[in-house]
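These notes are about the structure you will find just below.
The values are calculated or read from the model by the stated rules, or taken from the named source; none is laboratory data. Worth saying up front: this structure is predicted, and the values here are computed from it rather than measured. Here the Cβ positions follow ideal geometry from the backbone for every residue, glycine too, while neighbour counts run over all protein chains shown. SASA here: full protein model, heavy atoms, side chains in, ligands and nucleic acids out. Shrake-Rupley method; radii C 1.70, N 1.55, O 1.52, S 1.80 Å.
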Amino acid sequence: MTDRALDVVEFLLTARVYERDTDLDENDLPPAVRSALWDGDGVPRPPQATAEAVAEATDVADPWDEVASLMFTEQDSFSGRIRLVDDDMAKEWYANRAEAPRIQANPALAATYEDDFDDVDYAAAREANRPVQADPQWIDGLLEDMFDEDDEEMLDLVEVQAPAEIETTLDDLVLTDEQQTETQKVSKAIEHRDYLAQVGLVEVGKLLFVGPPGTGKTSTARGLAHRLDLPFVEVKLSMITSQYLGETAKNVEKVFEVAKRLAPCVLFIDEFDFVAKTRTSDEHAAIKRAVNTLLKAIDEMSLVKDDVLLVGATNHPDELDAAVWRRFDEILSFPKPTKPMRADILRIVTRGIEVEDFDPEALAANTEGLTGSDLRLVLREAVLDALVEDRTTLSQADLLDAVESFEERDHLRNLDSLEEAVETDDEGAHDHGHDHDHEHAPADADD
Ligand SMILES: Nc1ncnc2c1ncn2[C@@H]1O[C@H](COP(=O)(O)OP(=O)(O)O)[C@@H](O)[C@H]1O
Ligand SMILES: [Mg+2]
């Protein structure tokens, strides 16, 4: 018997246990099984274990071939459904071949075998299983329910990603010491939010990421959602000024409703400086109303109560006023990377590419003032230049050339924006977490 047969039987058994035991719900199914059996707004009883569903969940191309010779399986030639004809035989067959950790990864089966294996514990299995709220199909279903066609503008304002859809993880990012500490702290806070509520510490879970464009603010917020296995809800504030002004304040309320329905989740509000601008300038009343709604909603939101981690981001801290600063519990600075950080970023972005004579330190010395995003662009340039010469290999010289042409273009671009302060690289100073950005947060000036 192959492992593939074990995979297929496990799937069939899981579906059968779920069908029979009505105390179980979708959160007792491993995500792959749940997603293969999903039907619009849940997993029906009985679940539709078609050959395609089995193939999707197990990655076995011809599931029936794997289990046809077993005494306890049968295929309906009309519907293509594979089913168990003798549950007890199937259970025994599976128990003789599966190890405890495998069962522990499947809450429905953990419930079945809890008494037969020492290391199998249903409650723990369910606790460790990724919740249904993090599945792409659950998120899509919720958004469809909440927003009908009249709400089209809403879909411009908010974008939701399931954790499995997030590509850049925290491991792909080079973080400062302060950023590492803060991401760890907030991970712990989420994990222990019940405890925090118990001890009355409710002022956690609202972070503001501050720093120039391309320094990893968005990627870090996404990476956090990925690490915590939570949905990532992103709001683009500039979309508030879209043409559908009348409904805007209502839409902002809906964004927060989405976040609460998806909770636990990460709510990321980018372009936070937009808020400050509308408070001071003489904007359309509907936008002002929307911004006030937003600030009020932020005040009412709580990690401990609502299970929503709020992350704001801004490229322009100087535009934020005290009323905005005081809404966040923690300000996390995203400075331009130092030389050692640039070398590390270069190592990461070239991971999939062979570079002859690669010397990241030398490149780092040559790229003062460039952000992580700039370094990615440099690499892209070098790869494309090489392709033009029909090469898929790169050398250090190619990268150095790409840096040079990047800086020429960057120089032209900067002639337009002289007000942007030239950042100096403080290689020697190691407290890059404490740059000037903090000075913009007055201690207790209020509005
Ligand atoms: N510190 C970093 N380490 C690795 N990659 C980085 C870093 N900062 C930025 N990048 C890369 O640059 C790109 C843009 O980053 P992003 O998170 O969108 O920046 P921001 O939101 O601050 O403008 C991403 O592809 C990201 O991977
Ligand atoms: Mg960003």
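Taken as a whole, the structure places THR248 among residues that are hydroxyl-bearing (Ser, Thr, Tyr), modelled with pLDDT under 80, open to solvent by less than 10 Å² (accessible area, probe 1.4 Å) and assigned to a helix (DSSP H, G or I). With a requirement of 3 or more residues that are more than 16 Å from ligand 1 (Cβ to nearest atom), the helices (runs of 4 or more DSSP H) lying completely within the range 286-371 that satisfy it span 303-306, 322-325, 360-365. Among the residues of the range 200-231, just one is open to solvent by 40 Å² or more (accessible area, probe 1.4 Å), within 16 Å of ligand 2 (Cβ to nearest atom) and more than 13 Å from the chain's Cα centre (by Cα), namely PRO213.
Look through the range 93-130, keep the residues that are among the small types (Gly, Ala, Ser) and under 25 Å from the mean Cα position of the chain (by Cα), and return whichever of them is farthest from ALA32 (Cα to Cα). Give the derivation first.
Within the range 93-130, the subset among the small types (Gly, Ala, Ser) is 95, 98, 100, 105, 108, 110-111, 123-125, 128.
Subset that is under 25 Å from the mean Cα position of the chain (by Cα): 105, 124-125, 128.
Values: ALA105: 11, ALA124: 19, ALA125: 15, ALA128: 15 Å.
Here the residue is ALA124.
Residue-wise test of (1) outside any helix (DSSP H, G or I); (2) more than 14 Å from LEU109 (Cβ to Cβ).
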{"residue": "LEU13", "(1), (2)": "no, no"}
{"residue": "ARG16", "(1), (2)": "no, no"}
{"residue": "GLU19", "(1), (2)": "no, no"}
{"residue": "THR22", "(1), (2)": "yes, yes"}
{"residue": "ALA32", "(1), (2)": "no, no"}
{"residue": "ALA36", "(1), (2)": "no, yes"}
{"residue": "VAL43", "(1), (2)": "yes, yes"}
{"residue": "PRO47", "(1), (2)": "yes, yes"}
{"residue": "GLU52", "(1), (2)": "no, yes"}
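Residue selection: ALA197 fails the criterion of being within 16 Å of ligand 2 (Cβ to nearest atom) and either outside the structural domain of VAL349 (by TED's automatic domain parsing) or modelled with pLDDT of 95 or more (or both).
Restricting to the range 54-98, count the residues that are without any contact (Cβ under 8 Å) to a residue 60 or more places away in the chain and either within 21 Å of GLU19 (Cα to Cα) or in a loop (DSSP other than H, G, I, E, B) (or both). Can you show your working first?
From the range 54-98, those without any contact (Cβ under 8 Å) to a residue 60 or more places away in the chain are 54-65, 68-69, 71-72, 74-81, 85-86, 88-89, 92, 95-96; that's our starting set.
Still in the list and also either within 21 Å of GLU19 (Cα to Cα) or in a loop (DSSP other than H, G, I, E, B) (or both): 54-64, 68-69, 71-72, 74-81, 85-86, 88-89, 92, 95.
Total meeting the criteria: 29.
Got at least one residue in the range 423-435 being modelled with pLDDT of 90 or more and surrounded by fewer than 17 Cβ atoms within 10 Å (Cβ to Cβ)? No - not one qualifying residue is present in the range 423-435.
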